[in-house]
1. In this structure, is residue 117 within 17 Å of the chain's Cα centre (by Cα) and part of a loop (DSSP other than H, G, I, E, B)?
2. I'd like the full set of residues that are over 24 Å from residue 68 (Cβ atoms), in contact (Cβ under 8 Å) with a residue 24 or more places away in the chain, not aliphatic (A, V, I, L, M) and not in a strand (DSSP E or B), limited to region 210-219.
3. So, in region 224-242, exactly how many residues are under 22 Å from residue 199 (Cβ atoms) and either open to solvent by 10 Å² or more (accessible area, probe 1.4 Å) or not in a helix (DSSP H, G or I) (or both)?
4. From the residues in region 187-209 that are more than 30 Å from residue 276 (Cβ to Cβ) and in a strand (DSSP E or B), which one is most open to solvent (accessible area, probe 1.4 Å)?
5. Within region 253-286, track down each residue that is under 17 Å from residue 320 (Cβ atoms), of a type outside the set (A, V, I, L, M) and out of contact with any Asp or Glu (no Cβ under 6 Å at 6 or more places or on another chain).
6. Looking at this structure, is residue 107 open to solvent by less than 70 Å² (accessible area, probe 1.4 Å), more than 28 Å from residue 248 (Cβ to Cβ), aromatic (Phe, Trp, Tyr) and outside any helix (DSSP H, G or I)?
7. Would you call residue 57 open to solvent by less than 70 Å² (accessible area, probe 1.4 Å), closer than 23 Å to residue 214 by Cα and not basic (Lys, Arg)?
8. Considering only residues that are in contact with a helix residue (DSSP H, G or I) (Cβ under 7 Å, 6 or more places away or on another chain), modelled with pLDDT of 95 or more and farther than 18 Å from residue 227 by Cβ, which ones fall in region 42-57?
Amino acid sequence: MVTVSKPIIEQFLVKPNTSPLVIPDIPLIDLSKPESKQHLVKACQDFGFFKVVNHGVPLKFINKLESEAVNFFNSPLATKEKFGPPDPFGYGNKCIGRNGDVGWVEYLLLNAKPESDYPENFQGIVNDYATSVKAMACEILELLADELKLQPRNVFSKLLKDEQSDSVFRVNHYPPCPEFQEKERNGSKLVGFGEHTDPQIISVLRSNNTSGLEISLRDGSWMSVPPDSESFFINVGDSLQVMTNGRFKSVKHRVVANGTKSRVSMIYFGGPPLSEKIAPLPSLMQGEEDSLYKEFTWFEYKKSAFNSRLSDNRLGLFEKIIAS
């Protein structure tokens, strides 16, 4: 367990937000139902975030990976640090990126390609899990394309299936922080991972039964997402927002840690090849509709995001100014 002196804890705190005026229901989508296509599109337009059930990812893959992650994070710090610092892959602790963002978190960032170098015991387990989750993500993207009447239907999913796909896999551990318990009672929140949007096309999140994930609502308030260890939560990424010319929304989200419970989450970030050009799809442009974004390659956007702070509006640099 990570321990720090009380003065240092202050850098991880955020003031409590006002409660949402209206607490919406998080879209719940059953992928086995024929009507899931319509619900997926509506969720991407209204929320940029939803939960899926009947997802087809074997429970044994989920449980094995979580068990191995818990074992790794329970290892002595010296053992974990053999796999760090992240450059860009590897073990990290508290420091997120290189621009001063910090969080009450330790993590493993891994390349999602099967031949990548992982810590001992992770290789086969991560490959099984990531392959299955990627298949589910591609199914969701193809259902979205179907409902949007896009041809070919793999217009999104082919970017994840490409051999050069720049997808990554992340395992986060938010350890308990006993020193925080008094401040927690006073309404303060301990930042595990600061507010941000995901730059890729789609993110697939699964966590244990400890709460912590929060999403930003349109009124600027934060809503806590009830945990569900058997389901997956899906985020629209910035790149998918651009490809749909803003129809789908990349939701801002964050994670708060707490004083007594440990949280483990596993996220697959489906990204395109580095050379892929990202721009609104012409087939989605209606009539005289203007493109809201400049064309860019995934490499250009990834580099720009890497050089920004978590909370920055990363897409702002790539938005077009439309004359009125």
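The values are calculated or read from the model by the stated rules, or taken from the named source; none is laboratory data. Note that the structure is a prediction, hence the values are computed from the model and not measured. Backbone-built Cβ (ideal geometry, glycine too); neighbour counts: all protein chains shown. The area values use the complete protein model at the heavy-atom level, side chains included, leaving out ligands, DNA and RNA. Shrake-Rupley method; radii C 1.70, N 1.55, O 1.52, S 1.80 Å.
1. Working: within 17 Å of the chain's Cα centre (by Cα): no; part of a loop (DSSP other than H, G, I, E, B): yes.
No: the conditions fail for residue 117.
2. Filtering region 210-219 down to residues over 24 Å from residue 68 (Cβ atoms) leaves 214-219.
The next check asks that each one be in contact (Cβ under 8 Å) with a residue 24 or more places away in the chain; those that pass are 214-217, 219.
Right, trim to not aliphatic (A, V, I, L, M) and you get 214, 216, 219.
Hit for region 210-219 is 219, nothing else.
3. Pass one, region 224-242, residues under 22 Å from residue 199 (Cβ atoms): 225, 232-242.
After this cut, where a residue has to be either open to solvent by 10 Å² or more (accessible area, probe 1.4 Å) or not in a helix (DSSP H, G or I) (or both) as well, the list is 225, 232-237, 241.
Result for region 224-242: 8.
4. From region 187-209, those more than 30 Å from residue 276 (Cβ to Cβ) are 187-192, 208-209; that's our starting set.
Of the ones still in play, those that are also in a strand (DSSP E or B) are 189-192.
Working: 189: 57, 190: 1, 191: 19, 192: 0 Å².
Filtering region 187-209 for residues that are more than 30 Å from residue 276 (Cβ to Cβ) and in a strand (DSSP E or B), the one most open to solvent (accessible area, probe 1.4 Å) comes out as 189.
5. Looking only at region 253-286, we keep the residues that are under 17 Å from residue 320 (Cβ atoms), and these are 277-282, 284-286.
Filter once more, so that each one left must be of a type outside the set (A, V, I, L, M): 277, 280, 282, 286.
Of everything in region 253-286, those that are under 17 Å from residue 320 (Cβ atoms), of a type outside the set (A, V, I, L, M) and out of contact with any Asp or Glu (no Cβ under 6 Å at 6 or more places or on another chain) turn out to be 280, 282, 286.
6. Numbers: open to solvent by less than 70 Å² (accessible area, probe 1.4 Å): yes; more than 28 Å from residue 248 (Cβ to Cβ): no; aromatic (Phe, Trp, Tyr): yes; outside any helix (DSSP H, G or I): yes.
Considered against the rule, which asks whether it is open to solvent by less than 70 Å² (accessible area, probe 1.4 Å), more than 28 Å from residue 248 (Cβ to Cβ), aromatic (Phe, Trp, Tyr) and outside any helix (DSSP H, G or I), residue 107 comes out as no.
7. Working: open to solvent by less than 70 Å² (accessible area, probe 1.4 Å): yes; closer than 23 Å to residue 214 by Cα: no; not basic (Lys, Arg): yes.
In short, no.
8. Correct list: 44 only.
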